[in-house]
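The values are calculated or read from the model by the stated rules, or taken from the named source; none is laboratory data. Please read these numbers as outputs of a predicted model, since none were measured by experiment. Backbone-built Cβ (ideal geometry, glycine too); neighbour counts: all protein chains shown. Note: accessible area is taken over every heavy atom of the protein model, side chains too, but ligands, DNA and RNA are not part of it. Shrake-Rupley method; radii C 1.70, N 1.55, O 1.52, S 1.80 Å.
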Amino acid sequence: MSLSTLLVLADGRLPAGAHAHSGGVEAAVAAGRIHDLPTLESFLVGRTSTSGTAAAAFAAASCRALTTRPVPHARSGDIEAAPLDRARLTALDNGARSAARVESLTDHRGALRDDSVRPAERITALDDGIDARTASPALRAASRAQGRALLRAVARIWPAAVNPAGPNPHHPIATGIAAAAAGLGPREAALTAVYGGLTGAASAAVRLLGLDPYTVHALIARLAPECDRVAADAAARADDPVDDLPAGSAILLDLDAERHATWEVRLFAS
Amino acid sequence: MRAEARLVAEADGRGGTRLSTVYGEPPLLPRRTGHHQNPTAAEVHLVGGAAGPLGGDDLRIDITVAPGAHLVVRTIAASLAQPSHPPAPSTLTITAKVGTGATLDWLPEPTVAVAGCDHLSRSIVDLADGATLRWREELVAGRHAEPPGDLRLETTVRYAGRTILRHDLAIGPRAKGWHAMLGRAAGTLLLVGPEAATAEPKIINRMPLANGPAALISATGPDARTVRTALDEGAANTRAHDPDAKPGNWRKG
Amino acid sequence: MRPDKRAVRIGIGGPVGSGKTALVAALCRALATELRLAVVTNDIYTTEDADFLRRAGVLPDDRIRAVETGCCPHTAIRDDISANLDAVEELEERLGALDLILVESGGDNLTATFSKGLVDHQIFVVDVAGGDKVPRKGGPGVTTADLLVINKTDLAPLVGADLGVMARDAQARRGDLPTVFLSLVGEPGAAPVADWVRDRVAEPASTPRHHEPTPAHTHGP
Ligand SMILES: Nc1nc2c(ncn2[C@@H]2O[C@H](COP(=O)(O)OP(=O)(O)OP(=O)(O)O)[C@@H](O)[C@H]2O)c(=O)[nH]1
Ligand SMILES: [Mg+2]
């Protein structure tokens with residue numbers, strides 16, 4: 001993996017339309033919920049642990065679908081997400097989803113993966129999975145607009161890119177496609193997604209509120225380890241069934257996005 | 001405590017609904033509560049013995065609504081998710097299957113995250129093509145001003161085999177930054193079926209979903225009542241907020 | 001017409017309030033009956049603007065697309081043109097073959113120019129109200145635009161701006177590149193600019209204006 005290639009993909013100056021999206025900040029500022037550094041910090045932390053974590057997971061899974069998979073091996077016993085694991089175990093002997101759960105566990109324990117799932121089908125299922133996680137039509141449209149913009153850049157920068165997703169995939173899917181095209185792996189795809197979401201929103205807040213850019217960047221630096229953690233977790237789950245991937249819901253982001261889309265004058269597209 | 005409840009509703013062949021199974025173990029106690037104004041539906045209240053769920057509980061509710069039947073499930077009061085000593089997580093797993101032409105109204109009262117709780121509620125709903133669903137979830141961060149424990153509602157709803165909604169609502173110490181994303185009280189009301197598609201003029205908190213004939217009504221607020229009001233307003237002009245209502249009389253007078 | 005070529009794209013940039021929207025309106029008025037044209041605006045855009053363009057230029061609403069620039073108007077036309085390219089392509093897709101697309105930038109400063117990846121030609125609009133020093137200051141807009149428009153000449157006496165000085169400075173900065181003086185109050189058709197635009201649409205493209213490849217769509221391995 002090339003570190004500088006990761007910087008190319010994660011650079012906020014990559015011409016992929018990010019500057020015109022505030023990640024919900026413009027609406028939250030208008031609603032008075034973000035007005036200073038502490039309120040921005042809460043927003044960024046909450047956003048990262050919900051939609052940021054989901055975006056990371058879907059970027060990692062998309063990238064994995066398009067890159068050679070490593071030989072599966074047992075996950076080490078570092079699983080901390082107690083609720084998820086409880087859920088996993090609870091499901092083993094119960095309900096319609098147990099079959100899928102067993103399959104996903106089996107994967108991690110080293111049984112042969114089901115290679116009949118072709119990359120294109122996996123990508124389609126992942127794109128569907130983001131739709132199922134995005135209640136707001138405005139957010140779905142914003143995600144697809146950013147996916148399209150990123151693919152436009154990818155097609156010019158890495159012309160050999162493989163894209164089974166059509167021209168308007170969700171942004172995390174496009175991020176996975178971009179990472180695979182750039183020779184990066186699922187973890188880097190996830191990192192690009194979660195870090196891009198964080199810095200995009202932070203930078204919008206700087207522009208809208210005139211916050212001190214040094215303190216905002218100090219905040220980004222404080223949250224960087226969280227991005228690493230989210231990305232590592234996303235990569236570890238990159239082969240999970242789509243329904244098992246993170247789905248943290250942020251109702252305020254949905255409602256804000258719907259209101260924002262009705263404004264007559266907007267500075268940001270979303 | 002492990003406990004299980006099972007509800008099976010079937011069409012009675014005369015345009016009504018018959019409950020063929022109403023089974024529960026404490027604290028999951030289902031009571032038939034009849035449904036006078038709407039003879040086509042069967043109604044069950046979960047009366048829940050003690051306040052709960054408590055740490056260590058492993059609760060399951062399994063619901064089947066056979067083709068053509070209409071089941072309404074409610075709870076009589078808010079659920080208080082509470083910690084145990086020593087601390088242990090609690091889980092509630094709800095599975096529901098709804099057949100073609102069948103309707104499930106799952107309209108419980110909110111779940112309150114009491115300080116120190118560690119509760120996970122997982123719902124998996126499988127709807128056949130042509131099924132109708134109203135599925136409400138509400139959560140409240142603590143009683144009064146107490147800091148909430150961990151409460152997480154994980155929901156998967158499939159329609160004709162396709163996942164139309166997948167979301168986790170989480171509050172508490174593990175859900176970092178939750179208050180900026182959900183507020184102290186939050187809720188959703190999922191509508192699936194023909195009525196989900198119609199909303200003119202557009203209601204801002206009622207969002208059409210991408211993968212099926214469904215809309216999600218979402219709300220946040222300082223307390224449960226605000227949230228409920230917003231969900232009901234989002235559902236205006238549908239029968240969702242008032243399953244007793246008859247077509248042509250959808251708005252409560 | 002230009003069946004096998006995409007529309008000519010002309011960017012209209014310049015400082016806040018210099019008359020970009022007024023010029024777009026004038027061009028629509030002059031050209032809408034003879035050219036198939038559409039407008040992308042990066043302005044902080046209101047229905048008032050749309051109404052204005054509709055009234056002024058007989059340009060229906062569906063021929064105008066607004067682009068949000070995230071508080072960075074110059075980024076959207078120069079460093080990251082993806083939203084503008086999307087808007088242009090969406091108009092072409094929806095309206096069928098077009099001859100001309102005008103892209104109005106958000107009001108910015110003297111350094112904001114259009115990327116060649118977005119437009120084929122660009123017009124930079126300044127006005128005399130800021131004083132006659134503007135062309136002398138130069139900057140990429142004044143120096144390199146394919147056409148410099150010095151607008152609001154009707155105000156020159158009121159602000160004590162010497163048009164002769166402006167013409168001389170502009171020529172010094174721009175060499176052979178053309179400069180046009182305009183008052184959109186006195187001459188609502190913007191005739192010299194409309195003529196210049198007609199020439200750009202008529203001339204054979206120096207480099208073929210192919211459609212941008214839309215985002216790759218290949219089938220997976
Ligand atoms: N006196 C005079 N006023 C003009 C002329 N051209 C435009 N204006 C006025 O100048 C004001 C600004 O014009 P616009 O066309 O909105 O300027 P703009 O460059 O689009 O402005 P932004 O998009 O906000 O940067 C309006 O009130 C116009 O009516 C002119 O030639 N003379
Ligand atoms: Mg303007």
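Taking every residue in B:141-154 and counting other chain Cβ atoms within 10 Å of its Cβ, the average works out to 1. On association of chains B and A, roughly 3500 Å² of accessible area becomes buried (total for both chains; probe 1.4 Å). Counts of other chain beta carbons within 10 angstrom of each beta carbon in peptide A:48-54 average 4. Report the trypsin sites (Lys or Arg not before Pro) located in region C:79-163 that are in a DSSP loop and have at most 15 other Cβ atoms inside 10 Å of their Cβ, or state none. For trypsin sites (Lys or Arg not before Pro) across region C:79-163 that sit outside H, G, I, E and B with at most 15 neighbouring Cβ atoms in 10 Å, the list reads C:116, C:133. The phi torsions of region B:98-106, fed into the Karplus equation with coefficients 6.51, -1.76 and 1.60 and a -60° offset, translate into couplings of 10, x, 4, x, 9, 10, 10, 10, 9 Hz, rounded to whole numbers, with Gly and Pro shown as x. A simple packing score, the average count of other Cβ atoms within 10 Å per residue, orders the peptides A:25-34, A:148-157, A:258-267 as A:148-157, A:25-34, A:258-267, with the highest score first. Near residue B:121, the amide H atoms lying under 5 Å from its own belong to B:92, B:152, B:153, B:154; only residues 5 or more places off or on other chains count, and H is placed 1.01 Å from N. Taking the Cα atoms of the protein assembly as shown, the ratio Rg/Rh between the radius of gyration and the Kirkwood radius comes to 1.04.
The aspartates and glutamates within cross-link reach of residue C:137, meaning a Cα-to-Cα straight distance under 19 Å and a gap of 8 or more places when in the same chain, are C:108, C:127, C:146, C:162, C:169, C:176.
Rg over Rh of chain C, using C-alpha atoms and the Kirkwood radius, what does it come to?
0.97
Between chain A and chain C, roughly 2400 Å² of accessible surface gets buried, counting both sides and using a 1.4 Å probe. Here region A:2-50 has 63 percent of its accessible surface on carbon and sulfur atoms, given a 1.4 Å probe and all protein chains in place.
Rounded to the nearest 20 debye, the dipole size of region C:8-202 about its Cα centre is 560 debye, using +1 on the Cβ of Lys and Arg and -1 on the Cβ of Asp and Glu. For residue B:97, a cut-off of 14 angstrom between C-alpha atoms picks up these aspartates and glutamates, skipping any fewer than 8 places away in its own chain: B:10, B:62, B:105, B:126, B:129. The peptide list C:60-66, C:98-104, put in order of mean Cβ contacts within 10 Å with the highest first, becomes C:98-104, C:60-66. Would you calculate a helix-derived [θ] at 222 nm for chain C, using -39,500 (n - 2.57) for each DSSP H run of n ≥ 4 and dividing by the full residue count, to the nearest 500? Mean residue ellipticity, 222 nm, calculated: -9500 deg cm²/dmol. Computed over Cα pairs, the Kirkwood radius of region B:2-180 leads via Stokes-Einstein (0.890 mPa s, 25 °C) to a diffusion coefficient of 147 µm² per second. Per residue, the convex hull spanned by the alpha carbons of region A:200-239 comes to 54 Å³.
Would you mind telling me the share, in percent, of accessible area of chain B contributed by carbon and sulfur at probe 1.4 angstrom? Ligands and nucleic acids excluded, carbon and sulfur give 56 percent. For residue A:217 and residue A:157, the difference between the fully extended length at 0.36 nm per residue and the C-alpha to C-alpha distance is 18.8 nm.
Considering helices alone, the calculated mean residue ellipticity of chain B at 222 nm is -1500 deg cm²/dmol, with DSSP H runs of length four and up weighted by -39500 (n - 2.57) and normalised per residue. Inter-chain Cβ neighbour count for B:164-173, averaged per residue, equals 6 (cutoff 10 Å, partner chain atoms only). Taking 30 Å as the limit for the C-alpha separation, the pairs B:202/C:116; C:20/C:133; B:202/C:20 exceed it in the case of B:202/C:116; B:202/C:20.
Roll a 1.4 angstrom probe over the protein heavy atoms and tell me the percent of accessible area of region C:8-202 that is carbon or sulfur.
54
With a 1.4 Å probe rolled over the protein heavy atoms of all chains, the accessible area of B:1, C:166 falls in the order B:1, C:166, largest first. A straight Cα-to-Cα reach below 15 Å connects residue C:5 with the aspartates and glutamates C:89, C:92, C:93, C:99, C:120, C:203, C:212, residues fewer than 8 places away in its own chain not being considered. Taking all Cα pairs closer than 8 Å and separated by 6 or more residues, the relative contact order of chain C comes to 26 percent. Other residues with beta-carbon under 9 Å from the beta-carbon of residue B:19 carry, at +1 per Lys or Arg and -1 per Asp or Glu, a net charge of +1.
In the context of the full set of protein chains, residues of region C:8-202 present 38 Å² of accessible surface per residue (probe radius 1.4 Å, heavy atoms only). Rolling a 1.4 Å probe over the heavy atoms of the protein chains gives chain B an accessible area of 39 Å² per residue. Measuring from a point 7 Å past the Cα of residue A:259 along Cα-to-C-beta, which residues in region A:22-49 have an amide N at less than 15 Å? Under cut-off, by backbone N: A:24-35.
This model, with +1 at the C-beta of Lys and Arg and -1 at the C-beta of Asp and Glu, gives chain B a dipole about its Cα centre of some 280 debye.
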